Amino acid sequence: MNQWNRRCRVATCTVNNWALDFRGNYERIVKTCSEAAAKGACIRVGPELEIPGYGCADHFFEIDTERHSWEMLSKIVEKSKEWPNLLVITGLPTRFRGLLYNCAAALKNGKLLFVRAKMALADDNVYRESRWFVKWTETYKHYEMMLNPQIHFEQTSVPFGDGILESSDNVRVGFEICEELWSARSTNIRLAEQGVDIICNGSGSHHILGKSNYRINQLILGSSAKTGGVYLYANHRGCDGDRLYYDGASSIAQNGDLLAQIHQFDIEDTCVTTAVVDLSKNFTFRQMKSSDRGNASDQVTVVPIRFEGNMIRDVRMDEKCTVRIKNVEGLQLSPIDELCHGPPAYLWTYLRRSGMSGYFIPLSGGQDSSAVAAMVRLMCEKVCGAVKRRRETDGNNQLKSYDICDILGGDDPAYYLGGRKVGEDPAELCKQVLFTCYMASKHSSDETRKCAEGLALNINSNHCGIFIDTVVESILNVFNMVYSFIPSFQSADNREAMALQNIQARIRMVLAYLFAQLALVSHQRPGGLLVLGTANVDESLVGYLTKYDCSSADINPIGSVSKCDLRQFLEIAYEKYGMTALRSVIDSTPTAELRPLVDGKVAQTDEAEIGLTYEELSVIGRLRKPGGMGPYGMFLELISLWGDKYTVEEIEDKLRKFWWRYRVNRHKATVSTPAIHVENYSPDDHRNDHRPFLYPDFSYQFERIHEKVEELKKKKSTL
Ligand SMILES: Nc1ncnc2c1ncn2[C@@H]1O[C@H](COP(=O)(O)OP(=O)(O)OC[C@H]2O[C@@H]([n+]3cccc(C(=O)O)c3)[C@H](O)[C@@H]2O)[C@@H](O)[C@H]1O
Ligand SMILES: Nc1ncnc2c1ncn2[C@@H]1O[C@H](COP(=O)(O)OP(=O)(O)OP(=O)(O)O)[C@@H](O)[C@H]1O
Ligand SMILES: NC(=O)CC[C@H](N)C(=O)O
């Protein structure tokens, strides 16, 4: 064997798989394998649990999920005869000794070679893997697993557990499944010590602002720079049926260099990338680090699982190795730039998979609903960008593949809708998929109406304006018939003013659903619109919203984003994406406009009513989660953070206000609209932030805080 010419082409991919869409997932897997084979790759790695979809959640309790996954695996194994030289790494749940494991499966040319079980499960934040799976604990041990005779395979058993594969031409392939890379005891270290040439990491890693940067630079490149070898990282991309968005960025690295990366936020269902690598460079790289050599020589030699066929082939002698990407930093977006891509990409997947025909936003002209409208427009930019890219590379109209025709109701590639190029022009697409409505009451100001109209014109949404006062009056009259009074803003009983505010807010929600359901009837288009929610993290955290008002919607793109991050997003949308109408939105003061105007001017502002600024709410929100602090811990932390601008009494007062609102309103989180998950500080009660919603008054905690305040005051006065 010529060990000095070890060049081969390797492939990684991304798939926008969908939990439980077994047929669709199979097709996407097969498509990426065919593409990888056609490009001459010797190996194709796919994401974690890609056969059933990563996000099956409690469906992993169902035997059906295993059954259908294994049925699809059998089909993939059969299909692999069409790519005899390609080693395929895919993912599915597997039962061994009666226990369920999260596994990578290796197969080649009609044969299942190995099923490798995950050895570190992900349970942080939104992850719940150990709810369904157990981890494999026997390092480098594998056993014969009998295959289910009810599912067709041309073999009766397969090795199961942990191990290393080795090809006929001595290429060693090892596995590190997702969390194993994140864990301090990363598997790649021991794989490198066994001289593994190619480490395969199939991942199900969701998007959080700034996470991709860490994932690529610190984990993939960081590990690869320490342990050497070729690293094939494959991650899902898109929404697979839940609040999470997987942000792909499947990558190929070698010895600390990034050779290829698939775009993080593109919307194509599949994408394959390849690189030509010289595996001999792994020897050289590892040879240069004597400390690691020494450690490796201490290790017991692992006997690999051998398989038929060569990996080093199909690379022309004159073909050069792929050169490293020099500007790795340039590939990574800043967290706020990511907001311009993640939620828009999610919104497109969700829309086409939901079978609905567009989005409806009650547009108040405030910063939150304007940010959501801007995200939908950015979604249109993304879709048209993808169509254009595809036409430039494939030279034909590929609208079908983006489901635009399905969404807009055309039969054949309805590229022209009413004479307009919908798939090419983001403004035209926006006109078709985004409906906005300003719902004025007598408390609305001219400023917010103009902001809403200006933005609608700017992004080209299908906009209208309505008045809600007659509806509010009718409802109050119905109440009056039973209780014989009409509530008043002037009443000494605050419940009356509050009820008058709540009814306006709730009516807007009812109207939003009516308009969403019927708007397309008048446009003679099939389908209905999804209503978008617009509550941000900070107001949700303190419940500064009416339960079942417009905060109740179908999907909320900003429900896990703080107001401060949103304001920065608006600045970028204004500066980079030509949404000039956002200037007046950015400069406006947040207000609910639910109380009477005073001298024609808004008299109610959010921050004055809450008693905390959005910046302060954002700081406290982060101390709560991920900071993990209760009232007392927060108080101590805030003394150091805010000590130079507030007295200890003022800090105590601010915390009282926060915790009072938080505790009386936490019940609202139980019904909050599903929010696209982009931040760990999200108060989402369903997946991310499990807390009670009926709280005691925290009097003990605040007594302790008060004692500390007195102690600090005394200390200060004796200084
Ligand atoms: N412990 C508990 N468990 C479960 N449910 C509980 C509950 N306590 C009250 N509730 C329910 O919640 C209701 C109170 O909540 P809710 O009806 O929301 O009303 P509420 O929270 O009293 O008032 C809404 C708040 O949001 C403010 N706001 C600001 C800006 C905009 C908007 C807007 O709507 O656009 C609103 C408004 O100024 C006010 O402070 C009670 O009537 C009761 O039905
Ligand atoms: N005049 C209005 N027209 C249309 N929708 C409105 C109007 N007022 C409120 N809404 C809807 O109700 C949501 C909550 O209203 P609220 O006054 O609490 O604003 P907010 O949370 O500060 O959001 P925004 O910054 O969008 O005003 C808004 O985001 C918007 O979707
Ligand atoms: N699926 C996993 O193992 C997830 C791993 C890791 N904690 C992440 O956030 O990406």
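The values are calculated or read from the model by the stated rules, or taken from the named source; none is laboratory data. Source: prediction; values computed, not measured. Using ideal geometry, Cβ is built from the backbone for each residue, glycine included, and neighbour counts are taken over all protein chains shown. Remember, those area values only see protein heavy atoms, side chains included, never the ligands or the DNA or RNA. Shrake-Rupley method; radii C 1.70, N 1.55, O 1.52, S 1.80 Å.
See the values below:
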{"quantity": "Counted residues, region 481-497 - those being surrounded by 13 or more Cβ atoms within 10 Å (Cβ to Cβ) and over 21 Å from Glu593 (Cβ atoms)", "calculated": "0"}
{"quantity": "Helices (runs of 4 or more DSSP H) completely within region 443-561 that count 3 or more residues being closer than 26 Å to Pro674 by Cα, touching a strand residue (DSSP E or B) at 6+ places or on another chain (Cβ under 7 Å) and more than 9 Å from ligand 2 (Cβ to nearest atom)", "calculated": "494-522"}
{"quantity": "Residues satisfying the stated conditions in region 69-125, i.e. closer than 17 Å to Glu176 by Cβ and either of a type in the set (Gly, Ala, Ser) or not assigned by the TED database to the domain that holds Ile43 (or both)", "calculated": "Gly91, Ala104, Ala105, Ala106, Ala117, Ala120, Ala122"}
{"quantity": "Conditions (1) farther than 19 Å from Val678 by Cα; (2) within 12 Å of ligand 2 (Cβ to nearest atom); (3) part of a helix (DSSP H, G or I); number of the one not met by Arg567", "calculated": "(1)"}
{"quantity": "Leading residue by the ranking (nearest to the chain's Cα centre (by Cα)) among those in region 599-608 that are over 18 Å from Glu650 (Cβ atoms) and not aliphatic (A, V, I, L, M)", "calculated": "Asp606"}
{"quantity": "Unmet criterion (only one of (1) within 16 Å of ligand 3 (Cβ to nearest atom); (2) open to solvent by 10 Å² or more (accessible area, probe 1.4 Å); (3) more than 16 Å from Gly53 (Cα to Cα)) for Leu259", "calculated": "(1)"}
{"quantity": "All positions within region 453-474 that are open to solvent by 60 Å² or more (accessible area, probe 1.4 Å) and β-branched (Val, Ile, Thr)", "calculated": "Thr470"}
{"quantity": "Any hit, region 307-326, residues being touching a residue at least 60 places away in the same chain (Cβ under 8 Å) and outside any loop (DSSP other than H, G, I, E, B)", "calculated": "no"}
{"quantity": "Tally, over region 374-392, of residues that are surrounded by fewer than 24 Cβ atoms within 10 Å (Cβ to Cβ) and within 13 Å of ligand 2 (Cβ to nearest atom)", "calculated": "0"}
{"quantity": "Pairs with Cβ under 6 Å, 6+ apart, first in region 444-470 and within 14 Å of Leu582 (Cα to Cα), second aromatic (Phe, Trp, Tyr)", "calculated": "Arg449/Tyr438; Ala452/Tyr438"}
{"quantity": "Ala603 surrounded by fewer than 16 Cβ atoms within 10 Å (Cβ to Cβ), small (Gly, Ala, Ser) and in the same structural domain as Ser441 (by the TED database)", "calculated": "yes"}
{"quantity": "Filtered residues of region 692-719 (kept if open to solvent by less than 80 Å² (accessible area, probe 1.4 Å) and either assigned to a loop (DSSP other than H, G, I, E, B) or β-branched (Val, Ile, Thr) (or both))", "calculated": "Pro692, Tyr695, Phe698, Ile705, Val709"}
{"quantity": "Per-region count, region 352-373, residues surrounded by 24 or more Cβ atoms within 10 Å (Cβ to Cβ) and under 18 Å from the mean Cα position of the chain (by Cα)", "calculated": "2"}
{"quantity": "Of all residues making up region 649-676, the number that are open to solvent by less than 30 Å² (accessible area, probe 1.4 Å) and either hydrophobic (A, V, I, L, M, F, W, C) or within 16 Å of ligand 3 (Cβ to nearest atom) (or both)", "calculated": "7"}
{"quantity": "Residue within region 615-637 that is among the polar types (S, T, N, Q), within 23 Å of the chain's Cα centre (by Cα), in the same structural domain as Asp368 (by the TED database) and part of a helix (DSSP H, G or I) present", "calculated": "no"}
{"quantity": "Arg67 vs. criteria open to solvent by 10 Å² or more (accessible area, probe 1.4 Å), modelled with pLDDT of 95 or more and assigned to a helix (DSSP H, G or I)", "calculated": "yes"}
{"quantity": "Scan of region 524-560 for residues that are within 12 Å of ligand 1 (Cβ to nearest atom) and either hydrophobic (A, V, I, L, M, F, W, C) or free of Cβ contacts under 8 Å to residues at least 60 places away in the same chain (or both), ordered by number", "calculated": "Ala535, Val542, Leu545, Thr546, Asp549, Cys550"}
{"quantity": "Residue satisfying all of: in region 273-307; of a type in the set (Asp, Glu) and surrounded by 11 or more Cβ atoms within 10 Å (Cβ to Cβ); modelled with the lowest pLDDT among these", "calculated": "Asp292"}
{"quantity": "Residues that are open to solvent by 10 Å² or more (accessible area, probe 1.4 Å) and either within 15 Å of Ile89 (Cβ to Cβ) or within 16 Å of ligand 3 (Cβ to nearest atom) (or both), drawn from region 36-58", "calculated": "Ala37, Tyr54, Gly55, Ala57"}
{"quantity": "Residue match in region 571-584 (condition: within 13 Å of ligand 1 (Cβ to nearest atom) and open to solvent by 10 Å² or more (accessible area, probe 1.4 Å))", "calculated": "no"}
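Residue-wise test of (1) among the hydroxyl-bearing types (Ser, Thr, Tyr); (2) closer than 17 Å to Ala117 by Cβ; (3) touching a strand residue (DSSP E or B) at 6+ places or on another chain (Cβ under 9 Å).
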site: Val173; (1), (2), (3): no, yes, yes
site: Leu181; (1), (2), (3): no, yes, yes
site: Arg185; (1), (2), (3): no, yes, no
site: Gln194; (1), (2), (3): no, no, yes
site: Ile198; (1), (2), (3): no, no, yes
site: His206; (1), (2), (3): no, no, yes
site: Ile216; (1), (2), (3): no, no, yes
site: Asp242; (1), (2), (3): no, no, yes
site: Asp247; (1), (2), (3): no, no, yes
